[in-house]
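A.B. asks: Handing you this structure, nothing more for now.
Each value in this text was obtained by applying a stated rule to the coordinates, not by laboratory testing. Keep in mind the model is a prediction, meaning the values are calculated, not measured. So basically every Cβ, Gly included, is an ideal-geometry build from the backbone, and we count neighbours across all protein chains shown.
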Amino acid sequence: MRKKTRLILALDETREEKAMQVVEAVRGLVDAVKINWPLVLSASPSIITKLSKSSDVICDFKVADIPNTNRLIVAEAVRLGARGIIVHGFTGRDSVRASVEAARGADVFVVTEMSHPGGQEFTAPVAERIASMAMECGASGVIAPATRPESVRKIRSIVGNLLILAPGVGAQGGSAGSAISMGADHVIVGRSIYSDPDPKGVAERICAEITEALSSSGKRVL
């Protein structure tokens, strides 16, 4: 996945027309659009194909099933145009490996720790083990919470050059700058952008924050 702005739009809008308007407004300001079940269920799976014509699409299905079911879900998402898909790691290495195989070169991102407060109950205690497993299974990257930047730092020390996508910026309280400074490659922002009357302006401000964090850490936007 490209690293032009390092911003990913989480498009959880359920109105297809509004979703497409937001995507058009932030064109050139986001590296990918992440969609979840709310938009897919309201607009039909064809929205994956529609969005893929103008942006890389990450299907945030948090796939969490036995290997065969994971394989089927991932394969269908990729067939429809998904460039990446997010899966859970707690189901074990056989399910994660099946997802990677089914992706056939598309990116598979493994959730290490959820970004909401409840994520500290069950996923956080095993986040580092899941991160190691993601590497062993050949995943493209992992998901680590921008709401807990220290977790991003720990996960970076484990996964080396694998991509880290950090959700939870904005409405959940996470900071784009902090997540990037701690080692995230991309930050994921949803409601703060798509619910604002000026999604382009919000995206521009977040991109500026990312650029500043990269500059301060001696990195740069590619």
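A.B. asks: So, of the residues in region 117-136 that are within 15 Å of Gly92 (Cα to Cα) and polar (S, T, N, Q), which turns out to be surrounded by the most Cβ atoms within 10 Å (Cβ to Cβ)?
C.D. replies: Out of the qualifying residues, it is Thr123.
A.B. asks: Any residue in region 108-116 that is charged (D, E, K, R) and crowded, with 23+ Cβ neighbours inside 10 Å?
C.D. replies: Checked against the condition, which is being charged (D, E, K, R) and crowded, with 23+ Cβ neighbours inside 10 Å, region 108-116 yields at least one hit.
A.B. asks: How many residues are closer than 26 Å to Cys137 by Cα, in contact with an Asp or Glu (Cβ under 7 Å, 6 or more places away or on another chain) and of a type in the set (A, V, I, L, M) if we restrict to region 34-71?
C.D. replies: Count: 1.
A.B. asks: Please report, ordered by residue number, the helices (runs of 4 or more DSSP H) entirely within region 7-95 with at least 2 residues that are touching a residue at least 40 places away in the same chain (Cβ under 8 Å).
C.D. replies: 16-25
A.B. asks: Just wondering, is there one or more residues in region 28-36 that are surrounded by 16 or more Cβ atoms within 10 Å (Cβ to Cβ), in contact with a helix residue (DSSP H, G or I) (Cβ under 6 Å, 6 or more places away or on another chain) and of a type in the set (A, V, I, L, M, F, W, C)?
C.D. replies: Checked against the condition, which is being surrounded by 16 or more Cβ atoms within 10 Å (Cβ to Cβ), in contact with a helix residue (DSSP H, G or I) (Cβ under 6 Å, 6 or more places away or on another chain) and of a type in the set (A, V, I, L, M, F, W, C), region 28-36 yields at least one hit.
A.B. asks: Have a look at Ala208, Ala171, Ala166 and point out the one that is under 16 Å from the mean Cα position of the chain (by Cα) and either aromatic (Phe, Trp, Tyr) or farther than 22 Å from Ile85 by Cα (or both).
C.D. replies: From the options Ala208, Ala171, Ala166, the qualifying one is Ala171.
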